[in-house]
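Beneath this line is the structure, given in structure tokens, with notes to follow.
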Amino acid sequence: MEILWAPWRMEYVAAGNEEGECIFCPGNDRSHDEERLILYVGGRSVILMNRFPYINGHLLVAPVRHVSSLDALTDGEKLDLITMVERAVRILTKAMNPGGFNVGLNLGRIAGAGVEDHIHFHVVPRWSGDTNYITVIGDVRVIPEHIRATYKKLLPLFHDV
Ligand SMILES: [Zn+2]
């Protein structure tokens, strides 16, 4: 049985579209949020879609600050991050009705972090039988339209966050 939760591969693809800029740093310019698949920017946390997800609905939750480790986070940031992970799960549940989730954190390159200098949680919805789907699809980079469609579906749900 193939194991879907292969975070090193996820991270490779997450980092694959970078052009030198940190994909997790939201910056002050909101005009490229759609292009960057950013769903939410709060005072402390940012939520975006993985541009090359292992499965549709794969979200990333990061602190707004560019920090690489858990101990660099303030207590307020830690609370906000977990709160946003919870909301991401709730919104995905409402929008996509998955049967479960994998929520994970890769610390350091050897643990699979593709962008190791800006800490981030993966929130990956799971459906019964999705490993078969992934096996069939093989290279999930073929579904960018699905990502855009999912982005448009999820974005309004994050307005109330
Ligand atoms: Zn950053």
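Descriptive notes on the structure:
- Compared with the direct C-alpha span, the chain from residue 96 to residue 149 gains 17.9 nm at full extension, assuming 0.36 nm per residue.
- Computed over the range 51-111, the percent of Cα pairs more than 19 Å apart is 39.
- Label separation (residue 109 vs residue 66): 1.8 nm, computed from points 7 Å beyond Cα along the C-beta direction.
- Within the range 60-111, the trypsin sites (Lys or Arg not before Pro) that combine a DSSP coil assignment with at most 16 other C-beta atoms in a 10 angstrom radius are 65.
- Sparse packing (at most 10 other Cβ atoms within 10 Å of the Cβ) combined with a DSSP loop state is found for the following GluC sites (Glu not before Pro) in the range 31-110: 35.
- The slack between residue 83 and residue 126, meaning 0.36 nm per residue of separation minus the straight C-alpha distance, is 13.5 nm.
- Other-chain or far-sequence residues with amide H under 5 Å of residue 45's (modelled H): 64
- Under-5 Å amide H pairs with residue 33, H placed in peptide plane, nonlocal only: none
No lab work stands behind these numbers, since they all come straight from the coordinates. Model, not experiment: these values are computed from the prediction. Glycine also receives a Cβ, built like all others from the backbone with ideal geometry; neighbour counts cover every protein chain displayed.
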